[in-house]
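Here is the structure we will look at.
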Amino acid sequence: VDIDASFKNSIKAYPSEATSNELGIQGSSEFGKKLTKGAGVKYGFDFDNFKVFHSYFYNLKAKQTENEVGFDGNDRVEIESNYAWKNHKFIAGIDFTPSLNRNLKLVGGGYFGFSFMKIDLDFYVTYKDLNNGKVKQKYVGENRIKQKGVIYGGKIGAEYSLDAHSKVEIGVKIKKEHYRKYRTIDLAEFSGEYKFMQSNYGPYLSYIYRF
């Protein structure tokens with residue numbers, strides 16, 4: 001059983017070439033900079049100095065809200081962006097486990113797999129007249145985005161044997177996810193086609209039972 005937390009999380013939206021040229025956007029937009037948590041299960045084979053495994057991992061739904069205020073002539077422009085996202089991941093990997101002493105091993109390895117991400121992106125723009133405070137116009141963009149991509153990463157940590165069958169492992173993981181298919185997203189004047197990349201790192205804790 002695996003449990004992890006990602007302290008440095010980043011999801012970037014990259015516009016397609018056509019969207020970039022049409023809107024004059026250079027580079028990417030970033031969101032999802034928030035602590036995320038997840039849990040998973042894995043099984044594999046332990047060959048003493050290394051082990052191979054398959055795993056399923058689920059990132060719990062995370063939410064983030066951003067508010068911006070600007071001005072357009074005699075209008076006050078209020079922008080509220082609400083993000084929510086979650087992932088399902090199917091991973092295969094290999095860990096090298098050299099012994100440090102009888103009960104303690106160093107763990108270092110890498111993994112590769114597939115990730116399925118769902119993003120809810122709601123975008124609200126309100127225009128208020130500066131003279132009387134009345135709402136002149138309100139724009140709502142609601143997006144439900146599903147993406148398939150690849151995931152790869154690495155980890156380093158230590159494994160401690162509690163007894164002949166039970167072990168605990170603790171360490172740090174780093175991973176990246178690439179979603180290559182462009183999706184049409186409604187973002188008012190920034191509407192267009194975007195694709196996503198997610199990266200994060202953080203600690204993990206595993207309980208291992210050896211049959």
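To keep it simple, each residue is scored yes or no on (1) open to solvent by 70 Å² or more (accessible area, probe 1.4 Å); (2) touching a residue at least 40 places away in the same chain (Cβ under 8 Å).
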site: 6; (1), (2): no, yes
site: 17; (1), (2): yes, no
site: 36; (1), (2): no, yes
site: 45; (1), (2): yes, no
site: 50; (1), (2): yes, yes
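Just checking, how many residues over the range 1-60 are in a strand (DSSP E or B), in contact with a helix residue (DSSP H, G or I) (Cβ under 9 Å, 6 or more places away or on another chain) and among the polar types (S, T, N, Q)? Break it down into steps so the answer makes sense when it comes.
Looking only at the range 1-60, we keep the residues that are in a strand (DSSP E or B), and these are 2-6, 8-15, 29-31, 36-46, 50-60.
So of that shortlist, the ones also in contact with a helix residue (DSSP H, G or I) (Cβ under 9 Å, 6 or more places away or on another chain) come out as 14-15, 29.
Pick out the ones that are also among the polar types (S, T, N, Q) and you get 29.
Result for the range 1-60: 1.
Can you name every residue in the range 130-161 that is hydrophobic (A, V, I, L, M, F, W, C) and either within 22 Å of residue 83 (Cα to Cα) or open to solvent by 50 Å² or more (accessible area, probe 1.4 Å) (or both)?
130, 135, 140, 145, 150, 151, 156
Does the range 79-94 hold any residues that are closer than 21 Å to residue 64 by Cα and among the small types (Gly, Ala, Ser), and which are they? Steps first, please.
Within the range 79-94, the subset closer than 21 Å to residue 64 by Cα is 79-88.
Result: 81, 84.
Within the range 169-204, how many residues are touching a residue at least 12 places away in the same chain (Cβ under 8 Å), open to solvent by 90 Å² or more (accessible area, probe 1.4 Å) and not acidic (Asp, Glu)? First the steps, then the outcome.
First pass over the range 169-204, keeping only residues touching a residue at least 12 places away in the same chain (Cβ under 8 Å): 169-183, 185-204.
Checking the rest, the ones that are also open to solvent by 90 Å² or more (accessible area, probe 1.4 Å) come to 170, 174, 180-181, 189-190, 201.
In the following step, the residues that additionally are not acidic (Asp, Glu) were identified as 170, 174, 180-181, 190, 201.
The qualifying residues number 6.
Looking at the range 7-23, which of the residues that are farther than 12 Å from residue 200 by Cβ and among the hydroxyl-bearing types (Ser, Thr, Tyr) is nearest to the chain's Cα centre (by Cα)?
14
What single numbered condition from (1) under 18 Å from residue 116 (Cα atoms); (2) in contact with a Gly (Cβ under 9 Å, 6 or more places away or on another chain); (3) crowded, with 17+ Cβ neighbours inside 10 Å fails to hold for residue 56?
That leaves (3) as the condition not met.
The values are calculated or read from the model by the stated rules, or taken from the named source; none is laboratory data. Keep in mind that this is a model prediction, so the values were computed, not measured. All Cβ positions, even for glycine, are placed from backbone atoms using ideal geometry, and neighbour counts span all protein chains on display. These area figures cover heavy atoms from the full protein model, side chains too; ligands, DNA and RNA do not enter into them. Shrake-Rupley method; radii C 1.70, N 1.55, O 1.52, S 1.80 Å.
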